[in-house]
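The values are calculated or read from the model by the stated rules, or taken from the named source; none is laboratory data. Remember, it's a predicted structure, so these values are computed and weren't measured experimentally. Counting neighbours? That spans all protein chains shown, and the Cβs are built from the backbone with ideal geometry, glycine included.
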Amino acid sequence: MNYCSHCGSAVRFAVPDGDDRPRFLCDACGTIHYQNPRIVAGTLPVCGERVLLCRRAISPRKGFWTLPAGYMENGETVEEAALRETREEARAAVIEPSLYTLISLPHINQVYMIFRGELEGNYAAGPESLEVELFAESEIPWDELAFPTIERTLRHFFDDRRQETFELHLSRIGAEERERYFGSA
């Protein structure tokens, strides 16, 4: 950031009085520009013994498989965002969604919030998906998953299903685990 979005003056990067981390500060109007993590909301649609995955039609990771998920918009609840993303990417609906995984990725300023729920009705590829398909555990394309958050969510799900208990999973993915998917660039 070079200029204040409130008054257009140049900003500086410094620690404001009473804070503990640097922020963009505007000395002209006194605005402190806070930058916060982005929320990625999505669902884990379940149909019997299978889960619904989408093959991405967009970057990053075009052609790789993911759960229907995307960035939360202003004015939405997390659940509304998850259900909207499911409609957009998989033309699908999920009933009785329950927060299932909350995964922090502090190195890229993201938080993933995935809701588990029953797939209701039909599904089809939306504009951000090349195809959508139901997969049993033995059919999951593990080496073709788009993101470590998706792999972690799926592994929790299949483990929990064997245990016949579904609890909320809170975790963190660091830069080193993410490198397995994206390389060190």
>> Given the options 119, 105, name the one that is farther than 19 Å from residue 147 by Cα and buried (at least 16 other Cβ atoms within 10 Å of the Cβ).
In response: 119
> Is it true that residue 24 is surrounded by 13 or more Cβ atoms within 10 Å (Cβ to Cβ), part of a strand (DSSP E or B) and of a type outside the set (Ser, Thr, Tyr)?
Replying inline: yes
> Among the residues of region 123-143, is there at least one that is under 25 Å from residue 179 (Cβ atoms), acidic (Asp, Glu) and loosely packed, with under 14 Cβ neighbours inside 10 Å?
Replying inline: yes
> Can you pull out the residues in region 111-123 that are in contact (Cβ under 8 Å) with a residue 40 or more places away in the chain and either farther than 16 Å from residue 81 by Cα or over 15 Å from the mean Cα position of the chain (by Cα) (or both)?
Replying inline: 117, 118, 119, 123
>> Looking at region 124-143, can you tell me whether even one residue there is under 16 Å from residue 100 (Cα atoms) and in the same structural domain as residue 89 (by TED's automatic domain parsing)?
In response: no
> Just for region 161-185: of the residues that are modelled with pLDDT of 95 or more, of a type outside the set (A, V, I, L, M) and under 18 Å from the mean Cα position of the chain (by Cα), which one is farthest from residue 46 (Cα to Cα)?
Replying inline: 172
> Which residues, taken from region 94-110, are under 14 Å from the mean Cα position of the chain (by Cα) and either acidic (Asp, Glu) or not assigned by TED's automatic domain parsing to the domain that holds residue 77 (or both)?
Replying inline: none
>> So, in region 78-100, how many residues would count as being in contact (Cβ under 8 Å) with a residue 60 or more places away in the chain and either of a type outside the set (S, T, N, Q) or surrounded by 18 or more Cβ atoms within 10 Å (Cβ to Cβ) (or both)?
In response: 2
> For region 124-160, how many residues are within 18 Å of the chain's Cα centre (by Cα), in a helix (DSSP H, G or I) and in contact (Cβ under 8 Å) with a residue 40 or more places away in the chain?
Replying inline: 8
>> Give all pairs with beta carbons closer than 8 Å in which a residue from region 54-70 that is closer than 17 Å to residue 38 by Cβ meets a residue that is part of a loop (DSSP other than H, G, I, E, B) and not small (Gly, Ala, Ser); count only pairs at least 6 apart in sequence or on separate chains.
In response: 58/128; 61/147; 66/147; 70/128
> When residues of region 101-130 are filtered for being under 17 Å from residue 59 (Cβ atoms) and out of contact with any Asp or Glu (no Cβ under 8 Å at 6 or more places or on another chain), how many remain?
Replying inline: 3
>> Can you tell me how many residues within region 106-123 are aromatic (Phe, Trp, Tyr) and part of a strand (DSSP E or B)?
In response: 2
